Amino acid sequence: MSTHVIIIGGGIVGLAVAERASRLGNQVTVLEKEPDWAVHQTGRNSGVIHAGPYYKPGSLKASLCAAGNRSMKAFATEQGIPWLNTGKLIAATSERELPALRELERRSEANGVPFRVLDADGARAYEPHVAAVGALRIESTGIIDYAAVCRRLAELVAERGGDLHTSAEVVSVTSRPGGVVVATSDAEYSGDLLVNCAGLLSDKVARMAGLVPSARIIPFRGEYYELVPERRDLVQGLIYPVPDPGLPFLGVHLTRMMDGSVHAGPNAVTALAREGYTWRDIRLSEALGDLTYPGFLRMASKNIAVGMAEIRRSLSKDVFAASLARLVPAIDKADLVRADAGVRAQAIRRDGTLVDDFLIEQAPHQVHVLNAPSPAATASLEIAAHICRLAGLEPDNRAGFPRP
């Protein structure tokens, strides 16, 4: 028996769920408030197919990223979407970073991620301009255009008779016996199952649907520069720093993109709107709600120095360039030009804890994806399979709601 699945959100997770559910023979409706797919997090990231060395073994991020690395490459190959297996260098630039690098070795091994341990000369063999006292070479990291993946996912859903709507902002969600009713400003949709993949607005949609989510989305803007074309040869592939183990951000890094450009970034500053891509983007009601949330206040009070450093890096091109020069000393601020920023939807619990794993919560006839930052694009096909299992849409019906 077919289930009518209503999906809110046309980023890569929402469209992956739509593709999976339609392939399983279900009726699918996708509602996206923007005029196109992949406008926000999906279309404004580094385009990396992550391998998974960072994530706590046993977590959803660890298991779904490792599987997603394989399934995203297989999907792209099958569908004719270009991708490259570039590999990645995680570079320790000082002796004090080596213990954290060793921890990444342990996590890589536990997560089944292929890697090589390199000394300074070994690191320069891959990236001749890098400054490293030691490094990990992650062989299975790749790059792709995730917006192109989304377009193909949408095409596949449409070919199976799916009902896809852009410029369709949801204004209400109402439970009914056996399902939900979702209303936009000009239409109403009745379905058996709601899947909320609204990203930056996912907690708001959850509350609209009657769920009290265990965390609140706080938007963190990630600002990028690009290397000018004549300096792109400073970076052969992907160069990442050793990240702060206490934060879910990977640090400012250098990433060669599918078009040959080299992106530098992102930093992480609190945005003053859920879709606040510049300091000028301010929505007072959103900012007041987010910045006065007890969880944000508790988190910020413990990370004042880190937060101030990120703000300085945001406001000063010199500081941003200096951060990159720790990895590649030849980079100077004259080598950088501004690129489009992104905003990360980061869930924070009321006690100030940054949610460090994918967070998916359920209510009757509802599934809400409440924390799906990086590596969600990499893992999107596997997140979709996980959600379909939770909702009882998969043939084995391992978990979730009874079929209507």
Filtered hits (lysines, Cα-Cα < 19 Å from LYS61, offset >= 8 within chain) -> LYS73, LYS88
The relative contact order of the chain, taking Cα pairs under 8 Å that sit 6 or more residues apart, comes to a percentage of 23 percent
Tilt, helix 98-110 to longest principal axis of the chain (alpha-carbon atoms), in degrees rounded to tens, equals 40 degrees
Env charge @ LEU359, Cβ radius under 12 Å, K,R +1 / D,E -1, value -1
Residue by residue through the stretch 136-144, the couplings from Karplus 6.51 cos²θ - 1.76 cosθ + 1.60 with θ = phi - 60°, in Hz, x for Gly and Pro, are 10, 9, 9, 6, 8, 6, x, 9, 7
Long-range amide H partners of HIS253, meaning residues 5 or more apart or on another chain whose placed amide H is closer than 5 Å, are GLY265
Toy charge model, Lys and Arg Cβ at +1, Asp and Glu Cβ at -1: the stretch 189-263 dipole around Cα centroid in debye, rounded to 20, equals 240 debye
Dipole check, the chain, charges on Cβ (K,R +1; D,E -1), about Cα centroid: among ILE138, LEU381, GLY260 the Cα furthest to the positive pole belongs to ILE138
If one builds a Gaussian network model of the chain from Cα atoms under 10 Å apart, the most fluctuating residue listed among GLN236, GLN79, GLN366 is GLN79
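List THR292, THR278 from most exposed to least, where exposure is judged by having the fewest other Cβ atoms within 10 Å.
Least to most surrounded, the residues fall as THR292, THR278.
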The ratio Rg/Rh over the Cα atoms of the stretch 288-404, Rh being the Kirkwood inverse mean 1/r radius, stands at 1.13
Residues whose built amide H sits under 5 Å from the amide H of ALA92, excluding neighbours closer than 5 in sequence, are VAL133, GLY134, ALA135, LEU136
A correct Karplus calculation of ³J(HN,Hα) over the stretch 354-370, with 6.51 cos²θ - 1.76 cosθ + 1.60, θ = phi - 60°, whole Hz and x for Gly and Pro, returns 6, 5, 9, 9, 4, 10, 10, 10, 10, 9, x, 6, 9, 10, 10, 8, 10
The helix 12-23 Cα axis meets the longest alpha-carbon principal axis of the chain at an angle in degrees, between 0 and 90 and rounded to 10, of 50 degrees
Taking a straight Cα-to-Cα line shorter than 23 Å from LYS33, and setting aside same-chain lysines fewer than 8 residues away, one finds LYS204
Quick note, the chain: a/c under 1.5 would make it rounded; otherwise a/b > b/c is prolate and the rest oblate (a ≥ b ≥ c, C-alpha gyration tensor); here it is prolate
Tilt, helix 60-79 to longest principal axis of the chain (alpha-carbon atoms), in degrees rounded to tens, equals 80 degrees
With the charge dipole of the chain built from beta-carbon charges (+1 for Lys and Arg, -1 for Asp and Glu) about the Cα centre, the Cα from SER301, VAL235, PRO213 projecting farthest to the positive end belongs to SER301
Quick calc, the chain, dipole around Cα centre from Cβ unit charges on Lys, Arg (+) and Asp, Glu (-), nearest 20 debye, gives 720 debye
Filtering trypsin sites (Lys or Arg not before Pro) in the stretch 309-358 by DSSP loop and by at most 14 other Cβ atoms within 10 Å leaves ARG350
Relative contact order in percent for the stretch 182-335 (Cα pairs under 8 Å, 6+ apart) equals 19 percent
In debye to the nearest 20, the charge dipole size for the stretch 1-129, taken about the Cα centre with +1 at each Lys and Arg Cβ and -1 at each Asp and Glu Cβ, equals 280 debye
Of the residues SER285, GLN41, THR77, the Cα lying farthest along the dipole of the chain towards its positive end, which is defined by charges on the beta carbon of Lys, Arg, Asp and Glu, belongs to SER285
Filtered hits (lysines, Cα-Cα < 20 Å from LYS333, offset >= 8 within chain) -> LYS317
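No value in this document is a laboratory result; all are computed from the given coordinates. Keep in mind it's a predicted model, so treat the numbers as computed, not measured. Cβ sites come from the backbone with ideal geometry, for glycine too, and all protein chains shown count toward neighbours.
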